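**Student:** Can you keep this structure in mind? I'll have questions shortly.
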């Protein structure tokens, strides 16, 4: 009499038989079906493995965990570039980036500890674990994207075409044909101006010793436009009126926060904070504070 | 029989095709990467100031076409001299086994462009120093090994390279293996290198010094004031062991006409080094500036505005030619890097890594052409 147990055993042995027939390697025959199933299984294993590895590593962010645990966020900075960062008379760091770091830290409920580091050594400080992040008017360097992680930009410092208020017929560099373009002699604006003149030979290039002089020439009507960086323009507009930028930057120089490559949760938190600060208008207020606009 | 012949002929053709295909593939595999670059016919530098020079950075430039293009642009700017680094550790990876392939390539292209090459020698190979030491660390017991390299270099490049610099900035700790600097030790090295260089080619000009301009206070762990170091070199008997003093003349924020002062680093500090030479009976020897210049990084604390950099640079070339008859050449740092350093160093260059001439390049070119 066949018991339930013996039926189960028979079914199991049948299954194993089919399995062993399917996988029997003696004599070994690579049927197309077997090859397909084997390949599919191998691929599945690889995909699952990769997903598991990624999720395990994604959740692991010792930098972020340390910040949370200690309540201190170490920010590397070279305080020699006002108004972004400099030292006040008491030796304390002040500036746009200082306030930005404080605002981000407030979002997280932690304190900021500013680490003074020379500009050329800022990213090395991340690798050497001397800082958790760098906020120091730092432009993106795509070549280092494998070594550090960059946040979304918080400030665009690139090269702008600037015209006098009321100018309606210059919206792009090509509109400068037959006109006068002011640049700082030897600067990136000069390089771009010379490049423009190769395309439009009737552009007159007017070199000045300082970007402020180039902008003054625009206000005075001595030049029809100027190519200057966004910081120089903002600083000029602190004390002068009558000029504004048109179009997108000719050369983009976005400032970002840099974090270690192995700190994905910290990067996510920085990005979230920057988005929130932008939406709340806090970044605009920082500009008003430090550039008076 | 005919049938067999036809079969053999068919097979023969088939094998011939296979062999031809194999030969093409094999040729592609072993062929050097990139196009063949010819040295080209000899050129002449057109310039109003034959003392204009630059320090090139071709040590790590792999592609020959880029080496050639760099040196063409040096000539086209109106510079006649280059200083180039030929690291000992690259050419003698194993004791006594020299490989000059890359060095030959650089020198041959430079000569074809009509340039005079000053070879800077240094960089200790791993086998000549203890483990865990930096490539500027050369123990005294291996000074002779460096001397052997100097001999081999001078002998190999006899007729092509007539100037060599012995070591770089030995008054900085980092250039002396992160040890306390040692003027007397450097003079010992200089003596050995000088004797070996002259043994290989009595006509070669040996440049000593190449000191970093620094105001390091007495007892500093980082370095020694260059004026103090040079006098200590003379005190240690260095005079007979160099033909030319190599000088590093950085301007920092000062214009080239700012007066020389012992407590300031500026271009005219060169005159103070010259005074020390004269005081020590070496006034008959020339000076060659093998590094120097200005930087226009937007935020480096010792940088100037781009326009100032251009004005100062042209004036420096002019000043050396007009006022310093003891100065043979001014080779400013640095013509071009193989790739951007992404530091303030990029703002010393005349040409971008992808060969775009900066305004300073065009300005020096304009001056050299007398425009």
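**Student:** Answer with yes or no whether residue B:169 is assigned to a loop (DSSP other than H, G, I, E, B), modelled with pLDDT of 95 or more and within 16 Å of the chain's Cα centre (by Cα).
**Tutor:** Against the criterion (assigned to a loop (DSSP other than H, G, I, E, B), modelled with pLDDT of 95 or more and within 16 Å of the chain's Cα centre (by Cα)), residue B:169 qualifies.
**Student:** So residue B:254 clears everything in (1) touching a residue at least 40 places away in the same chain (Cβ under 8 Å); (2) away from chain A (no Cβ under 14 Å); (3) outside any strand (DSSP E or B) except one condition, right? Which one?
**Tutor:** (1) is the only condition that residue B:254 fails.
**Student:** Residues of the range B:312-329 being crowded, with 20+ Cβ neighbours inside 10 Å and within 14 Å of chain A (Cβ to nearest Cβ), which ones?
**Tutor:** B:312, B:313
**Student:** Is the range A:62-77 home to any residue that is at pLDDT 90 or above and within 14 Å of chain B (Cβ to nearest Cβ)? Show your work before the answer.
**Tutor:** At the first step, the residues of the range A:62-77 found to be at pLDDT 90 or above are A:62-77.
The next check asks that each one be within 14 Å of chain B (Cβ to nearest Cβ); those that pass are A:77.
So far as the range A:62-77 goes, yes, one or more of its residues are at pLDDT 90 or above and within 14 Å of chain B (Cβ to nearest Cβ).
**Student:** Check whether at least one residue in the range B:288-300 is in a helix (DSSP H, G or I) and within 11 Å of chain A (Cβ to nearest Cβ), and report yes or no.
**Tutor:** No, the conditions are met nowhere in the range B:288-300.
**Student:** Would the range B:221-233 turn up any residue that is surrounded by fewer than 16 Cβ atoms within 10 Å (Cβ to Cβ) and in contact with a strand residue (DSSP E or B) (Cβ under 9 Å, 6 or more places away or on another chain)?
**Tutor:** yes
**Student:** Sticking with this one: Would you pick out the residues in the range A:62-106 that are free of Cβ contacts under 8 Å to residues at least 60 places away in the same chain and assigned to a loop (DSSP other than H, G, I, E, B)?
**Tutor:** A:71, A:78, A:79, A:80, A:82, A:88, A:89, A:90, A:91, A:92
**Student:** When only residues in the range A:176-215 that are part of a strand (DSSP E or B) and more than 9 Å from chain B (Cβ to nearest Cβ) count, which is surrounded by the fewest Cβ atoms within 10 Å (Cβ to Cβ)?
**Tutor:** Result: A:204.
**Student:** Looking at the range B:204-215, which of its residues are within 22 Å of residue B:120 (Cβ to Cβ) and more than 20 Å from the chain's Cα centre (by Cα)?
**Tutor:** Correct list: B:214 only.
Yes/no per residue for (1) surrounded by fewer than 19 Cβ atoms within 10 Å (Cβ to Cβ); (2) within 12 Å of another protein chain (Cβ to nearest Cβ):
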residue	(1), (2)
B:302	yes, yes
B:307	no, yes
B:331	no, no
B:334	no, no
B:354	yes, no
B:366	yes, no
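**Student:** Quick one: in the range B:26-57, which of the residues that are modelled with pLDDT under 80 and not in a loop (DSSP other than H, G, I, E, B) is nearest to residue B:121 (Cα to Cα)? Show your work before the answer.
**Tutor:** If we filter the range B:26-57 for residues that are modelled with pLDDT under 80, which is where we start, we get B:26-35.
Retained after the next criterion (residues that are not in a loop (DSSP other than H, G, I, E, B)): B:26-30.
On the way: B:26: 39, B:27: 37, B:28: 37, B:29: 35, B:30: 33 Å.
Restricting to residues being modelled with pLDDT under 80 and not in a loop (DSSP other than H, G, I, E, B), the top hit is B:30.
**Student:** Using the structure shown, decide if residue A:250 is part of a strand (DSSP E or B) and touching a helix residue (DSSP H, G or I) at 6+ places or on another chain (Cβ under 9 Å).
**Tutor:** Numbers: part of a strand (DSSP E or B): yes; touching a helix residue (DSSP H, G or I) at 6+ places or on another chain (Cβ under 9 Å): yes.
Considered against the rule, which asks whether it is part of a strand (DSSP E or B) and touching a helix residue (DSSP H, G or I) at 6+ places or on another chain (Cβ under 9 Å), residue A:250 comes out as yes.
**Student:** Which of the residues belonging to the range B:346-371 are assigned to a helix (DSSP H, G or I) and in contact (Cβ under 8 Å) with a residue 40 or more places away in the chain? Full working, then the answer.
**Tutor:** First, the residues of the range B:346-371 that are assigned to a helix (DSSP H, G or I): B:346-348, B:359-368.
Those that are assigned to a helix (DSSP H, G or I) and in contact (Cβ under 8 Å) with a residue 40 or more places away in the chain: B:346, B:347, B:348, B:359, B:360, B:361, B:363, B:364, B:365, B:367, B:368.
**Student:** For the range B:338-352, indicate whether the set of residues that are within 24 Å of residue A:184 (Cα to Cα) and more than 13 Å from every other protein chain (Cβ to nearest Cβ) is non-empty.
**Tutor:** Within the range B:338-352 (the criterion being within 24 Å of residue A:184 (Cα to Cα) and more than 13 Å from every other protein chain (Cβ to nearest Cβ)), the answer is no, since none of the residues qualifies.
**Student:** Go through (1) in contact with a helix residue (DSSP H, G or I) (Cβ under 7 Å, 6 or more places away or on another chain); (2) assigned to a helix (DSSP H, G or I) and name the single condition residue A:149 misses.
**Tutor:** Every listed condition holds for residue A:149 apart from (2).
**Student:** Residues in the range A:145-156: is at least one more than 20 Å from residue A:266 (Cβ to Cβ) and within 14 Å of chain B (Cβ to nearest Cβ)?
**Tutor:** Among the residues of the range A:145-156, not one is more than 20 Å from residue A:266 (Cβ to Cβ) and within 14 Å of chain B (Cβ to nearest Cβ), which makes the answer no.
**Student:** Mind listing whichever residues of the range A:107-144 are out of contact with any strand residue (DSSP E or B) (no Cβ under 9 Å at 6 or more places or on another chain) and either away from chain B (no Cβ under 14 Å) or outside any helix (DSSP H, G or I) (or both)?
**Tutor:** The answer is A:107, A:109, A:118, A:128.
**Student:** Which residues, counting only those in the range A:216-230, are more than 10 Å from chain B (Cβ to nearest Cβ), touching a helix residue (DSSP H, G or I) at 6+ places or on another chain (Cβ under 8 Å) and under 12 Å from residue A:160 (Cα atoms)?
**Tutor:** A:225, A:226, A:227, A:228
The values are calculated or read from the model by the stated rules, or taken from the named source; none is laboratory data. What you are looking at is a predicted structure, and each value in this text was computed from that prediction instead of being measured. Please note: Cβ atoms are built from the backbone with ideal geometry, for glycine as well, and neighbour counts cover all protein chains shown.
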